[in-house]
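> What follows is a single structure, and I will ask about it in a moment.
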Amino acid sequence: MKNLLSAAVIGLGIAATGQAAAEPLKIGMITTLSGGGAGLGMDTRDGFMLAIKQAGNKDIEVITEDDGQKPELAVQIADKMIQSDQVDILTGIVWSNLLMAVAPSAVAQGKFYVSTNAAPAALAGEKCNPLYFNAAYQNDNLHEAMGEYANKDYKKMFIMAPNYPAGKDSLTGFKRYYKGEVAAEVYTQVGQTDYAAEIAQIRASGADGVFIFLPGGMGIAFMKQYSQSGVKTPVMGPGFSFSQDVLPAIGDAALGVKNSGQWAKDLDNEANKKFVPAFQAEYGRLPSIYAVQAYDAAQLILSAAAKADVKDTEAFRAELLKADIQSPRGKFKFNTNQHPIQDIYVAEVIKEDGVLTNKIIAPVFTDHGDAYAKDCKM
């Protein structure tokens, strides 16, 4: 296993209230830094580290390793981080199948897990845990927003996602709010790059709209092939299928696509006005939704660490629950299952100063939680 950011120790001291940790807070970041999902993991890492740098904490140690989008490797890394590196908190996993392989074991060993992205239904409902927090959403949420939005103009939708937990959650979420006819519900292989068969199905389906959840390299491949196919049925999807990290690779084929998210770079609040230029200045590119979620995950950890020792589990959890942060997405608070309650918007891919990006066009949900909180018995 290659340690890509070993023991990154940043800045000044934790803001104290008399309860600063006696030892550095150790955070283990497991994320995807190679292969087709590398862009997602890079934005996760960079958003997280921007918040750490801005806070200037010498008492925070971040150890980062590449999971290669492989569950078995993620498990090995997590075991090493817990047993050898003795981390206090784990974070950073992008993919729900990897998270399901890591998080239950981590919390069973008394470690906090703060998710920067992956948010499978199981961990929001019956398998919720006091040590598991999600700083992003619940997997269904952004898809629910597109289902609601599609009701405006579309009577018959073709819906498609990869065959893994987040893919199943995505189409479940879309169908929860969409009231029209589903022409076809198709599950592709994870990591698939050839979509000729699926595009032929779309062409023959009679659908008047297409909803896809294909993150990372999968979405890039599909959108390029779809554009070349000549099929004109409009495509829509969640924000992470059209996030800033993949838009340059998709190119003009993404123009005009509607997509949902709890954040966009033009969101009008003070925290966002500071975050976007700070990320650009640090990394030379616009941030994506993955970067924002990781930035907020780091902010949550920092806010708790300023007031409680992570070794005092109940006190640290209580501070995390307060969600005492200024998020670039605006309003942010935790539901009873420790997943966000937040606003969700629809954006459109545009070209601004020659750069593809997203512009918010309408709110869809206000103070939106998830369907599984009722099943969480914490």
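> On the given criteria, is residue 346 modelled with pLDDT under 95 and farther than 28 Å from residue 127 by Cβ? Spell out the reasoning first.
Details: modelled with pLDDT under 95: no; farther than 28 Å from residue 127 by Cβ: yes.
Spelling it out, it is not the case that residue 346 is modelled with pLDDT under 95 and farther than 28 Å from residue 127 by Cβ.
> Consider residue 219 against the criteria (1) open to solvent by less than 20 Å² (accessible area, probe 1.4 Å); (2) among the small types (Gly, Ala, Ser); (3) over 22 Å from residue 69 (Cβ atoms): it satisfies all of them except one. Which criterion is unmet?
All conditions are met except number (3).
> Let me ask you something else. Name the single residue, out of those in segment 186-203 being closer than 20 Å to residue 150 by Cβ and either loosely packed, with under 14 Cβ neighbours inside 10 Å or hydrophobic (A, V, I, L, M, F, W, C) (or both), that is nearest to the chain's Cα centre (by Cα).
Out of the qualifying residues, it is 186.
> Still on this structure, please answer the following. For segment 159-168, does any single residue satisfy the condition of being farther than 30 Å from residue 123 by Cα, open to solvent by 30 Å² or more (accessible area, probe 1.4 Å) and not assigned by TED's automatic domain parsing to the domain that holds residue 41?
First, the residues of segment 159-168 that are farther than 30 Å from residue 123 by Cα: none.
Scanning segment 159-168, I find no residue that is farther than 30 Å from residue 123 by Cα, open to solvent by 30 Å² or more (accessible area, probe 1.4 Å) and not assigned by TED's automatic domain parsing to the domain that holds residue 41, so the answer is no.
> Filter segment 243-291 down to the residues that are acidic (Asp, Glu) and under 24 Å from residue 38 (Cβ atoms) and list them by number. Walk me through it before giving the result.
Of all residues in segment 243-291, those acidic (Asp, Glu) come to 245, 252, 266, 268, 270, 282.
Once the filter is applied, which keeps residues that are acidic (Asp, Glu) and under 24 Å from residue 38 (Cβ atoms), segment 243-291 yields 245, 252, 282.
> All but one of (1) buried (at least 24 other Cβ atoms within 10 Å of the Cβ); (2) among the aliphatic types (A, V, I, L, M); (3) more than 24 Å from residue 276 (Cα to Cα) hold for residue 231; state the number of the condition that does not hold.
Condition (1) is where residue 231 drops out.
> Could you go through segment 65-84 and let me know if any residue there is part of a strand (DSSP E or B) and either in contact with a strand residue (DSSP E or B) (Cβ under 6 Å, 6 or more places away or on another chain) or open to solvent by 10 Å² or more (accessible area, probe 1.4 Å) (or both).
Narrowing segment 65-84 to residues part of a strand (DSSP E or B): 65-66.
Subset that is either in contact with a strand residue (DSSP E or B) (Cβ under 6 Å, 6 or more places away or on another chain) or open to solvent by 10 Å² or more (accessible area, probe 1.4 Å) (or both): 65-66.
Scanning segment 65-84, I find at least one residue that is part of a strand (DSSP E or B) and either in contact with a strand residue (DSSP E or B) (Cβ under 6 Å, 6 or more places away or on another chain) or open to solvent by 10 Å² or more (accessible area, probe 1.4 Å) (or both), so the answer is yes.
> Of (1) open to solvent by less than 10 Å² (accessible area, probe 1.4 Å); (2) within 26 Å of residue 41 (Cα to Cα); (3) small (Gly, Ala, Ser), residue 308 satisfies all except one. Which?
Only one criterion in (1) open to solvent by less than 10 Å² (accessible area, probe 1.4 Å); (2) within 26 Å of residue 41 (Cα to Cα); (3) small (Gly, Ala, Ser) is unmet by residue 308, namely (2).
> Hand me the list of strands (runs of 3 or more DSSP E) wholly inside segment 86-200 holding 1 or more residues that are in contact with a strand residue (DSSP E or B) (Cβ under 7 Å, 6 or more places away or on another chain) and under 30 Å from residue 230 (Cβ atoms).
On the way: elements: 89-91, 112-115, 132-134, 156-162, 181-188.
Output list reads 156-162, 181-188.
> When only residues in segment 38-47 that are in contact with a helix residue (DSSP H, G or I) (Cβ under 7 Å, 6 or more places away or on another chain) and open to solvent by less than 10 Å² (accessible area, probe 1.4 Å) count, which is farthest from residue 299 (Cα to Cα)?
Looking at the filtered set, the residue picked out is 40.
> Can I ask one more? For segment 276-302: of the residues being surrounded by 19 or more Cβ atoms within 10 Å (Cβ to Cβ) and without any contact (Cβ under 8 Å) to a residue 60 or more places away in the chain, which is nearest to residue 93 (Cα to Cα)? Spell out the reasoning first.
So the first thing to find is which residues in segment 276-302 are surrounded by 19 or more Cβ atoms within 10 Å (Cβ to Cβ), and the list is 276, 279, 286-302.
Subset that is without any contact (Cβ under 8 Å) to a residue 60 or more places away in the chain: 276, 289.
On the way: 276: 23, 289: 14 Å.
Here the answer is 289.
> While we're looking at this one, here's another question. What are the residues in segment 347-377 that are touching a strand residue (DSSP E or B) at 6+ places or on another chain (Cβ under 8 Å) and not in a strand (DSSP E or B), if any?
369
> Taking the condition charged (D, E, K, R) and buried (at least 24 other Cβ atoms within 10 Å of the Cβ), does residue 153 pass? Walk me through it before giving the result.
Details: charged (D, E, K, R): yes; buried (at least 24 other Cβ atoms within 10 Å of the Cβ): no.
It is false that residue 153 is charged (D, E, K, R) and buried (at least 24 other Cβ atoms within 10 Å of the Cβ).
> Need pairs with beta-carbon distance below 9 Å; first residue closer than 16 Å to residue 331 by Cα and within segment 361-372, second assigned to a loop (DSSP other than H, G, I, E, B) and of a type in the set (Lys, Arg); sequence gap 6+ or separate chains.
These pairs meet every condition: 366/331; 367/331.
The values are calculated or read from the model by the stated rules, or taken from the named source; none is laboratory data. Fair warning: this is a prediction, and the values are worked out from it, not measured in the lab. Note: ideal-geometry Cβ built from the backbone for every residue, glycine included; neighbour counts use all protein chains shown. Heads up: the accessible areas ignore ligands, DNA and RNA and are worked out on the full protein's heavy atoms, side chains in. Shrake-Rupley method; radii C 1.70, N 1.55, O 1.52, S 1.80 Å.
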